[in-house]
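A quick write-up on the structure given underneath.
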Amino acid sequence: MNKTRTLVISLTVAALLLGRPVQGRATTQVEEAGSSLGAAGLNLFYIPIKLLVAGGGLILGAAAGVLTLGDTRSAYALWVPAAGGTFVLRPAHLIGTERVEFFGSDYADTPSTNAGDEVTTLYEAGYH
């Protein structure tokens, strides 16, 4: 089982490193087929790991929210990184035209100010 864990970690790290953008790189049909097969193969390991991290983050975030008496910012601090980011690797991630983001980073410091939108109670609760 230790070899399996090492393989999964190695493949995940390789996918993250290959996710760096490369500008102006032309791809051939063979390269596209290779990146498609590579993405499909890596997803066999990447998706279950990402789902475990997201599920764990959702549970820990809920616990943080409860233990801080409903402080949604505490919950968001765990929910956003764990449940955000890239869930499925695509060929574009492997050829470097799109970035792989294992942990989400879209964490607004202030609520949305879109005119006409109602602010939900959950979203509003973190900004009192």
**OP:** Kindly check whether there is at least one residue in segment 70-79 that is in contact with a helix residue (DSSP H, G or I) (Cβ under 7 Å, 6 or more places away or on another chain), under 29 Å from T6 (Cβ atoms) and in a helix (DSSP H, G or I).
**Re:** yes
Original post:
Looking at segment 62-78, which of the residues that are touching a Ser or Thr at 6+ places or on another chain (Cβ under 6 Å) and closer than 19 Å to F103 by Cα is modelled with the highest pLDDT?
Top reply: A64
Original post:
Does I59 fit the bill of being under 20 Å from I9 (Cα atoms), at pLDDT 90 or above and either part of a helix (DSSP H, G or I) or polar (S, T, N, Q) (or both)?
Top reply: no
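The values are calculated or read from the model by the stated rules, or taken from the named source; none is laboratory data. Every value quoted in this text rests on a predicted model; they were computed, and no experiment measured them. Virtual Cβ from ideal backbone geometry, glycine too; neighbours counted across all protein chains shown.
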